[in-house]
1. So, with +1 on the Cβ of K and R and -1 on the Cβ of D and E, and no other charges, what is the size of the charge dipole of segment 131-230 about its Cα centre, to the nearest 20 debye?
2. Short version: ³J(HN,Hα) in whole Hz for each residue of segment 57-73, in order, from phi by Karplus 6.51 cos²θ - 1.76 cosθ + 1.60 (θ = phi - 60°), x for Gly and Pro, what are they?
3. Which order do the peptides 46-57, 103-114 come out in when sorted by mean C-beta neighbours inside 10 angstrom, highest first?
4. For Lys2 and Thr155, what is the calculated FRET efficiency with R₀ set at 22 Å and r taken between the beta-carbons, to the nearest 0.05?
5. Taking 35 Å as R0, compute the FRET efficiency from the Cβ-Cβ separation of Glu209 and Asp172 and round it to 0.05.
6. Counting pairs of alpha carbon atoms under 8 Å apart in space and at least six apart in sequence, what relative contact order in percent does the chain give?
7. For the chain, what is the calculated [θ] at 222 nm in deg cm²/dmol (nearest 500), taking -39500 (n - 2.57) for each run of four or more DSSP H residues and dividing by its residue count?
8. Taking 41 Å as R0, compute the FRET efficiency from the Cβ-Cβ separation of Arg32 and Leu180 and round it to 0.05.
Amino acid sequence: MKRVFLSETASTNDYIRRYLGGGENVVVCARRQTEGRGTKGRSFSSEDGGVYLSALTFYENLPAERAFTIMAHAAVAVCKTVGSFGLCPEIKWCNDVLVGGKKIAGILIENALSGGFVRSSIVGIGLNVLNPLTGLEEIAVGMKDLLSRPPAAETVRDLLIENYIAPSEFSDYLGYVRFLGEQVLVREGERSYPAVAREILPDGRLLIEERGERRVLSAAEISFGAWRRS
């Protein structure tokens, strides 16, 4: 996989698009993003000291119904990287990586589909290492906040790339999911309600049980109760 390292860019996901016509798998990393973004168009704080990368991968025979494996693989790569430094990460459905109940990384996936297949994907990953999180302390955490001797961002970046290149299985993803069987708060549009999380299906949908009835969620947000301790 070709590697490109930048000091600064607006967004690694946007920058990497210049390689879409080449057919070669590429990873682009930046020390800082000026217009980093997360899911649903939210901004993503991207100050110097964090790891910000995007990976462009081309596929030949990946059915669209298996697109979630791309997300799962990225989350596993982040968890393996964080875990290598003695931390205990977990995945909150479907793409947030938490440590101690706070978000340490975010993942943004942009897939290109054609004829029922995924032709290419751009996977953006932002991982908090030494970067400041001013104003986000209640919901986000960095490796600098958790380790007495946190690693350099470049060290974490290189390990993350290696873990991303290495293969993973859906069972690896499930190994980092710890909320199944617990009560969660589900937000679907304007509606919020408690439910028990039962299972994450191979296609990425979440099976929940609400008042004794089971159904699957394709798009929603979940949060854990204040009673929960990660």
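The numbers here are math on the coordinates, done by the rules we state, and not lab data. Everything numeric here is computed off the predicted structure, so don't read it as measured data. So basically every Cβ, Gly included, is an ideal-geometry build from the backbone, and we count neighbours across all protein chains shown.
1. Numbers: 13 positive and 17 negative charges, 61 e Å.
Using Cβ point charges on Lys, Arg, Asp and Glu, segment 131-230 gives about 300 debye.
2. Along segment 57-73, the couplings run 10, 9, 10, 9, 9, 9, x, 4, 5, 9, 4, 4, 4, 5, 4, 4, 5 Hz.
3. Working: 46-57: 23.3, 103-114: 18.6.
Averaged packing, sorted descending, gives the order 46-57, 103-114.
4. Details: r = 21 Å, r/R0 = 0.94.
Rounded to the nearest 0.05, the efficiency is 0.60.
5. Working: r = 25 Å, r/R0 = 0.72.
Step by step, r from the Cβ atoms, then E = 0.85.
6. Values: 470 pairs, mean separation 39.7, N = 230.
Taking the mean separation of contacting Cα pairs over the length of the chain, I get 17 percent.
7. On the way: 5 runs with 43 residues, N = 230.
So the helix-based figure for the chain works out to -5000 deg cm²/dmol.
8. On the way: r = 37 Å, r/R0 = 0.90.
Here the calculated transfer efficiency is 0.65.
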